[in-house]
Ligand code: PAF
């Protein structure tokens, strides 16, 4: 991979990287399209990264279908697919981790305390292997995007981070590789995540500026679905990713929700201007 990247660089070509954990869906494919639009070469990495899963999480169950993924990617015209082995990425005696401090500790980081350390570490390793000029991430994982941007700024990494819009099914469910774990009924119940975000948006649209009032309405909706188990709803500033109590007119915010439907943990978000 490093040799391929060096060759692209010596030809003065740009490289776009789409890092994934595989089991690709149209959300990933839209990242690929964005990369192909602006990069000379597009590389997609597929690696289910063990260090971002806690022992009680779904590393072993995470869906995998490398053959299908590779076929899809070459049909889309990507130039290289990078599929490293866990032993290559984390050989015996591996000792180095990247920790983005404050932003990794809130929201997702509270429920998943080691998650962003694993993400920041693998993304740094992938950047060193693929040497991308651009790297593409989906807005679906808004906090992951904020962590990676912070890391790139802090470490002065020479890569431009591109955040691409979240992709939904026709009925509003955000695309996620984990959606396959939902039963038919849970798949219907899962629509409550997007519905709660739309409720929050409506309240902001009507002029409500107190986060606690907006969040209470979103919580109420989620509680009405018996298979749901809310982790959090929250409003953060799009730029700083800091939690807000009072919204300011003209500012953009993420409305965020994280919730289990049955046993499957889902996240979703929208950007709203107050
Ligand atoms: O968003 C993902 O799929 C993963 O967190 C990433 C960025 C590929 C790192 O493992």
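When the residues of the stretch 43-67 are narrowed to those that are in contact (Cβ under 8 Å) with a residue 12 or more places away in the chain and over 19 Å from the mean Cα position of the chain (by Cα), which ends up surrounded by the most Cβ atoms within 10 Å (Cβ to Cβ)?
Out of the qualifying residues, it is 65.
In the stretch 113-126, which residues are in contact (Cβ under 8 Å) with a residue 40 or more places away in the chain and either surrounded by 21 or more Cβ atoms within 10 Å (Cβ to Cβ) or within 9 Å of the ligand (Cβ to nearest atom) (or both)?
Listed by number, the residues that qualify are 115, 116, 118, 119, 121, 122, 123, 126.
Cβ-Cβ under 9 Å, sequence separation 6+ or interchain: first residue in the stretch 137-154 and more than 20 Å from residue 30 (Cβ to Cβ) and without any contact (Cβ under 8 Å) to a residue 12 or more places away in the chain, partner in a strand (DSSP E or B) and within 13 Å of the ligand (Cβ to nearest atom). Which pairs?
Going by the 9 Å Cβ cut-off, the qualifying pairs are 152/135; 152/161.
Assuming residue 98 fulfils every condition listed in (1) exposed (fewer than 15 other Cβ atoms within 10 Å of the Cβ); (2) closer than 30 Å to residue 234 by Cα; (3) within 13 Å of the ligand (Cβ to nearest atom) apart from one, which condition is it?
Checking residue 98 against (1) exposed (fewer than 15 other Cβ atoms within 10 Å of the Cβ); (2) closer than 30 Å to residue 234 by Cα; (3) within 13 Å of the ligand (Cβ to nearest atom), the one that fails is (1).
Could you tell me which of the residues 29, 1 is over 15 Å from residue 133 (Cβ atoms), in contact (Cβ under 8 Å) with a residue 24 or more places away in the chain, away from the ligand (no atom under 13 Å from the Cβ) and out of contact with any helix residue (DSSP H, G or I) (no Cβ under 6 Å at 6 or more places or on another chain)?
The match here is 29.
Of the residues 177, 104, which is free of Cβ contacts under 8 Å to residues at least 60 places away in the same chain and either closer than 30 Å to residue 41 by Cα or buried (at least 18 other Cβ atoms within 10 Å of the Cβ) (or both)?
Only one candidate qualifies: 104.
Could you check, for the stretch 84-95, whether at least one of its residues is outside any helix (DSSP H, G or I), touching a residue at least 24 places away in the same chain (Cβ under 8 Å), at positive phi and more than 17 Å from the chain's Cα centre (by Cα)?
For the stretch 84-95, residues outside any helix (DSSP H, G or I), touching a residue at least 24 places away in the same chain (Cβ under 8 Å), at positive phi and more than 17 Å from the chain's Cα centre (by Cα): absent.
Which condition does residue 18 not pass, out of (1) under 14 Å from the mean Cα position of the chain (by Cα); (2) within 13 Å of the ligand (Cβ to nearest atom); (3) surrounded by fewer than 22 Cβ atoms within 10 Å (Cβ to Cβ), if it passes all the others?
(3)
Would you pick out the residues in the stretch 233-246 that are buried (at least 20 other Cβ atoms within 10 Å of the Cβ), over 11 Å from residue 215 (Cα atoms) and touching a strand residue (DSSP E or B) at 6+ places or on another chain (Cβ under 7 Å)?
Of everything in the stretch 233-246, just one residue is buried (at least 20 other Cβ atoms within 10 Å of the Cβ), over 11 Å from residue 215 (Cα atoms) and touching a strand residue (DSSP E or B) at 6+ places or on another chain (Cβ under 7 Å), namely 236.
Which one is surrounded by the most Cβ atoms within 10 Å (Cβ to Cβ), of the residues in the stretch 130-153 that are within 13 Å of the ligand (Cβ to nearest atom) and farther than 28 Å from residue 197 by Cβ?
132
Each value in this text was obtained by applying a stated rule to the coordinates, not by laboratory testing. Worth saying up front: this structure is predicted, and the values here are computed from it rather than measured. Don't worry about glycine lacking a Cβ; one is built from the backbone with ideal geometry, like all the others, and counts go over all protein chains shown.
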